[in-house]
Amino acid sequence: MITTDTLIIGAGPAGAACAGGLKRRGIPFLLLDKAVFPRNKTCAGWVTPEVFRTLNLSPAGYPHSLKEFREFVIHLRRRSVYLPVRQYAIRRIEFDRFLLEHYGLEPLHHQVREIRQEGDHFIVDDRFRARRLVGAGGSYCPVAAQFFPERKEKKEMWISAIEEEFEYPVKDERCHLWFRLPDLPGYAWYVPKGGGYLNIGIGGYTQTMKEKGTTIRRQWESFLHLLAADGLLPDRTPHGRGYNYLIRRKDPPLQKGNVMIIGDAAGLATPDMGEGIGPALESGLLAAGAIATGRPLTARSIRKNSFNHLKVAGQILWRSLSPFSASIAKNSAASA
Ligand SMILES: Cc1cc2nc3c(=O)[nH]c(=O)nc-3n(C[C@H](O)[C@H](O)[C@H](O)COP(=O)(O)OP(=O)(O)OC[C@H]3O[C@@H](n4cnc5c(N)ncnc54)[C@H](O)[C@@H]3O)c2cc1C
């Protein structure tokens, strides 16, 4: 039996940040993951400047494929408008391994199956013994499932998503987002990456789609037709990989006694855009601080939205009222 103070389950962004924070403070921990890194994760890989700030890293210092976007092309029904931004895209297969290197971590390869309590300790698979558990295992984290079962009942907050990332001579280097597609209570994306990769995908509220009598797979097929019509679809037909995750509602509980959950395990992705990498990192660092100080872990200080709604709505309204906005976007796409 291996004994430690804190056992972190999951070495994605949330688990890596938590382990990094504990390591910096000299607090003993073990970090487990069922995958061997580099591993892929179903994700568009869009990251905000806040992510780099959280990592104390300038985007220029990131040593792998990075794409910078100075504008998003927003498609709203028949109109297309530009939104000036400074945003980035990474590839998760590179980024998640980079995080482990950044924090100087080497996770143990182990899939957690059974957790039981013995006095004031937790025994995991009869192999690990710890005083404290941190669940960072994503949407289906075993710690969250066992100690925070009420999380699953928030049916209206689950998102279904499909994406595919592939090597491809990208036709348009800009990031496109489609909102208000018929029957999709969410949005679709076209995200070029560094190194000649492209990520396309869609995501929407599972329950609302059910009520509308549609499925994420059907929406994915419609989206592929739309991309083909816009001349953005590759010659091959992407199959798409699906995944579900929980969107944040208010401040979800992150701690019960000596058990904490962070990142997707806690459902911290932003409700406006489904951005989860930043909140996963923030919650991991906060968990390490809470363990070090003994103060309770809460979600209160974790970023709630990806964008300032009023500012974005104002920009979109202003641009979409311009009679030229649609044709400007089309002309610019053609010349890109
Ligand atoms: C299609 C899609 C697109 C997305 N696009 C974006 C985007 O563009 N930008 C953004 O910010 N967010 C995006 N997200 C959300 C983002 O991917 C997640 O919020 C983020 O990965 C959460 O990080 P995490 O560390 O909590 O979990 P994860 O990254 O899921 O890591 C969890 C880790 O736990 C491990 N694990 C799981 N179970 C066990 C077990 N039993 N034992 C041991 N290890 C285990 C897994 O192997 C994994 O490595 C997207 C999500 C989807 C589904």
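The values are calculated or read from the model by the stated rules, or taken from the named source; none is laboratory data. Keep in mind that this is a model prediction, so the values were computed, not measured. Here the Cβ is made from the backbone with ideal geometry for all residues, glycine too, and neighbour counts use every protein chain on show.
Some values worked out for this structure:
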quantity: Of residues in the range 135-173 being surrounded by fewer than 20 Cβ atoms within 10 Å (Cβ to Cβ) and assigned to a loop (DSSP other than H, G, I, E, B), the one farthest from the ligand (Cβ to nearest atom); calculated: P169
quantity: Subset of the range 261-277 that is within 10 Å of A144 (Cβ to Cβ) and more than 7 Å from the ligand (Cβ to nearest atom) - its residue that is surrounded by the most Cβ atoms within 10 Å (Cβ to Cβ); calculated: I261
quantity: The one condition in (1) at pLDDT 95 or above; (2) touching a Phe, Trp or Tyr at 6+ places or on another chain (Cβ under 8 Å); (3) not acidic (D, E) that T298 fails to fulfil; calculated: (2)
quantity: Residues that are under 20 Å from the mean Cα position of the chain (by Cα) and not hydrophobic (A, V, I, L, M, F, W, C), drawn from the range 144-172; calculated: R151, K152, K154, K155, E156, S160, E163, E164, E165
quantity: Selection from the range 21-40 of residues that are over 19 Å from the mean Cα position of the chain (by Cα) and within 15 Å of E106 (Cβ to Cβ); calculated: L22, K23, P28, F29, L30, L31, L32, V36
quantity: Within the range 1-36, considering residues that are in a loop (DSSP other than H, G, I, E, B) and within 12 Å of the ligand (Cβ to nearest atom), the one nearest to L198 (Cα to Cα); calculated: G12
quantity: Yes/no for A287 being in contact (Cβ under 8 Å) with a residue 60 or more places away in the chain, surrounded by fewer than 22 Cβ atoms within 10 Å (Cβ to Cβ) and not in a loop (DSSP other than H, G, I, E, B); calculated: no
quantity: Boolean, T208 is polar (S, T, N, Q), assigned to a loop (DSSP other than H, G, I, E, B), away from the ligand (no atom under 16 Å from the Cβ) and touching a residue at least 24 places away in the same chain (Cβ under 8 Å); calculated: no
quantity: Checking D96 against (1) charged (D, E, K, R); (2) farther than 24 Å from K193 by Cα; (3) crowded, with 19+ Cβ neighbours inside 10 Å, the condition it does not meet; calculated: (2)
quantity: Qualifying residue in the range 173-188 (condition: basic (K, R) and over 22 Å from the mean Cα position of the chain (by Cα)); calculated: no
quantity: Top-ranked residue of the range 174-188 - restricted to ones that are surrounded by fewer than 22 Cβ atoms within 10 Å (Cβ to Cβ) and within 13 Å of the ligand (Cβ to nearest atom), ranked as nearest to N244 (Cα to Cα); calculated: Y187
quantity: Flag if L57 is farther than 29 Å from W158 by Cα and either modelled with pLDDT of 95 or more or not assigned by TED's automatic domain parsing to the domain that holds V191 (or both); calculated: yes
quantity: Residue check for E101: more than 10 Å from the ligand (Cβ to nearest atom), surrounded by fewer than 18 Cβ atoms within 10 Å (Cβ to Cβ) and within 22 Å of the chain's Cα centre (by Cα); calculated: yes
quantity: Breaking point among (1) assigned to a strand (DSSP E or B); (2) touching a residue at least 60 places away in the same chain (Cβ under 8 Å); (3) over 21 Å from E68 (Cβ atoms), for A188; calculated: (2)
quantity: Qualifying residue in the range 219-234 (condition: closer than 23 Å to G276 by Cβ, surrounded by fewer than 21 Cβ atoms within 10 Å (Cβ to Cβ) and in contact (Cβ under 8 Å) with a residue 24 or more places away in the chain); calculated: no
quantity: Failed item in (1) outside any strand (DSSP E or B); (2) within 20 Å of I262 (Cα to Cα); (3) hydrophobic (A, V, I, L, M, F, W, C), with F122 passing the rest; calculated: (1)
quantity: Flag for D120 being touching a residue at least 24 places away in the same chain (Cβ under 8 Å) and either more than 11 Å from the ligand (Cβ to nearest atom) or over 25 Å from G276 (Cα atoms) (or both); calculated: yes
quantity: Per-region count, the range 119-138, residues more than 18 Å from I291 (Cβ to Cβ) and either at pLDDT 95 or above or not assigned by TED's automatic domain parsing to the domain that holds E275 (or both); calculated: 5
quantity: Set R53, R39: member being surrounded by fewer than 24 Cβ atoms within 10 Å (Cβ to Cβ) and more than 8 Å from the ligand (Cβ to nearest atom); calculated: R53
